[in-house]
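The values are calculated or read from the model by the stated rules, or taken from the named source; none is laboratory data. Please read all numbers here as calculations on a predicted model, not as lab measurements. A quick note on method: Cβ atoms are made from the backbone with ideal geometry, for glycine too, and the neighbour counts reach across all protein chains shown. All accessible areas refer to the heavy atoms of the entire protein, side chains included, with ligands and DNA or RNA removed. Shrake-Rupley method; radii C 1.70, N 1.55, O 1.52, S 1.80 Å.
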Amino acid sequence: MKLGIVGLPNVGKSTLFNALTQAGAESANYPFCTIEPNVGIVAVPDKRLDVLQKMYNSEKVLPAAVEFVDIAGLIKGASKGEGLGNQFLSHIREVDAIVQVVRCFENENIIHVDKTIDPIRDIETINLELIFSDAELVERRFAKTKKTAKFDKGSVNEVEILKNLLDHLENGLPARTFEVDSEDEKEFISSLGLITSKPVLYAANVAEDDLVNGNKFVDKVREFSLNEGSETFIICAQIEQELSELDEEEKEIFLQDLGISDTGFQKLITASYKILGLISYLTAGPKEVRAWTITKGTKAPGAAGKIHSDFERGFIRAEVVNFDNLISAGSYVAAKEKGLVGIEGKEYVVKDGDIILFRFNV
C-alpha cells in the first residue's frame, strides 16, 4: 500500500511524515521545505502477530507494510507548473490513495500561505489543481482518440466516455464521482491513471487541546468528506512526533493521559484499509508469522498467489482457522479437535484475521 501525503505549505504535512516514518524529512516554517518526495516504509501495527509469535514460538514476525511518500507542498497554479507543481503532480500519480493533511489549528507563529485558516478553501485549492491536471490529460486523450475513431470503430465508445468525463472534470468534479454504466467503462477510466480517481483521506491536523473532541474546523472537513464519500480522521502532528520518540510502554501511558486509545498512525491505517477495501490474512509457524494484505473479496487461490505464483497455480486446498477461534481454543491442535479448522476450496472468500495453511502441487 502506497500513500501520498499532500497538503498546502505549513499545514503540518512533513511533521506528520516524520512522525509516521521517523525518516527525518526536513520540517520548517516556510513553503517548499520538502523539495523532493521523501519515502518511508512502515510496519502496519497488528497485535495479532505478537500473540501468534508466542503461540508458535516463531523466529520472525513480518507485519504488512505501508509506504508513505511526502510530496512537496503545492499552491494555486500547480497544474500550470506554479511552485513545485510539476513534481507534485508526477509523484502523486504513483500512489494508491491520497492523504490530504488539512490545517485545523490556529497559530499566529506558523504562517499560512493564504493568511487565514479555512480548511475547505485549502481542500478545494488542492482538489481543483488535481482536477485541472486530469482535465488536461483527458483533453489530450480525447483529441487523439477522436482522430483514431475515424478508422477504428472500437474507439467510438471511448470518445463518448472521454467527452462526458471531460465535461465532468470541467464542472469541478473529481473523476472518482464520475458514473459509469459497465465494468468495461470502469476499467477504461482506470487505465487513464487519473489523480482524482484515487480515494482520499483527510487528516484534520489540530492542536493538542482539540485532539479528543475536534473543533469547528474539523466539523467542516467531516461534512465535506461525508458528501464526497471520503474519510476524515483527527490527528495532532506535533503529538505524533512526540509519540514516535517513546517506547511502547511510555506510548500507552501518554495516550491514556491524552484520553485517546489510538495513535494518529493507527487511525490512518484503519481508514486506509477501509477506503481501499483491504484486509489482512495471516500465516503462522515456527519460522515466522506474517500478515498479508489483500483486497476484500479475494478467494483462496488469489490469496495464495500473494505468497508465490506457484501457490496459486497449483492450489489444492486451504486449511483455515480464524484468529479469534484459534485463541479461544488455545492451540491449533485444539482448534482442529473442536472442528474450528475448515478445509476450504477454490471458492472460499478469505476473511480478515484468517490464519491459512495452503496446500498446493506444481
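Structural remarks
- Considering only alpha-carbon pairs that sit under 8 angstrom and 6 or more positions apart, the relative contact order computed for the chain is 17 percent.
- With 21 Å as the limit on Cα-Cα distance, the pairs of Lys54/Lys296; Lys267/Lys299; Lys186/Lys296; Lys115/Lys220; Lys54/Lys306 that go past it are Lys54/Lys296; Lys267/Lys299; Lys54/Lys306.
- For Leu192, solvent-accessible area (1.4 Å; no DNA, RNA or ligand), Å²: 20
- The chain: DSSP helices with Cα axial extent of at least 24 Å and average Kyte-Doolittle hydropathy no lower than -0.5: 119-148
- The modelled label-to-label distance between Glu160 and Glu136, using points 7 Å beyond Cα along the C-beta direction, is 3.1 nm.
- Length released on extending from Lys216 to Asn361, taking residue separation times 0.36 nm less the Cα-Cα span: 46.3 nm
- Once the C-beta distance of Glu108 and Val61 is scaled by a Förster radius of 41 Å, the resulting FRET efficiency is 0.35 to the nearest 0.05.
- When the chain is described by a simple charge dipole with +1 on each Lys and Arg Cβ and -1 on each Asp and Glu Cβ, the residue from Asn157, Leu255, Val66 located farthest towards its positive end is Asn157.
- Cα gyration tensor category, rounded, prolate or oblate, for segment 295-362 with a/c compared to 1.5: prolate
- DSSP beta bridges in the chain [antiparallel fraction, %, rounded to 5]: 50
- Cα-centred dipole magnitude for segment 111-172, charges only on beta-carbon of K, R (+1) and D, E (-1), debye, nearest 20: 540
- Bridgeable aspartates and glutamates around Lys351 (alpha carbons under 17 Å apart, same-chain partners fewer than 8 residues away excluded): Asp46, Glu319, Asp324.
- When the chain is described by a simple charge dipole with +1 on each Lys and Arg Cβ and -1 on each Asp and Glu Cβ, the residue from Thr283, Ala300, Thr21 located farthest towards its positive end is Ala300.
- Loop-resident trypsin sites (Lys or Arg not before Pro) (DSSP state other than H, G, I, E or B) in segment 230-324 with no more than 13 further Cβ atoms inside 10 Å of their Cβ: Lys287.
- Extending 7 Å from Cα along the Cβ direction at Ser191 and again at Arg93 yields two label points whose distance is 1.6 nm.
- Across q = 0.13, 0.21 Å⁻¹, segment 118-251 modelled as identical point scatterers on its alpha-carbon atoms has Debye log10 I(q)/I(0) values of -0.68, -1.18, in the order of the q list.
- With all protein chains modelled, accessible area of Ile343 [1.4 Å, Å²]: 100
- For segment 123-211, the list of GluC sites (Glu not before Pro) that fall in a loop by DSSP and count at most 14 other C-beta atoms within 10 angstrom reads Glu179.
- Whether segment 220-323 is rounded, prolate or oblate, judged on the alpha carbon gyration tensor where a/c under 1.5 counts as rounded: oblate
- With at most 14 neighbouring Cβ atoms within 10 Å, loop chymotrypsin sites (Phe, Trp or Tyr not before Pro) (DSSP) excluded, longest segment of the chain: 152-362
- Global form of the chain, assessed from the alpha-carbon gyration tensor, a/c cut-off 1.5: oblate
- Computed [θ] at 222 nm, deg cm²/dmol, the chain (DSSP H ≥ 4; -39,500 (n - 2.57); rounded to nearest 500): -12500 deg cm²/dmol
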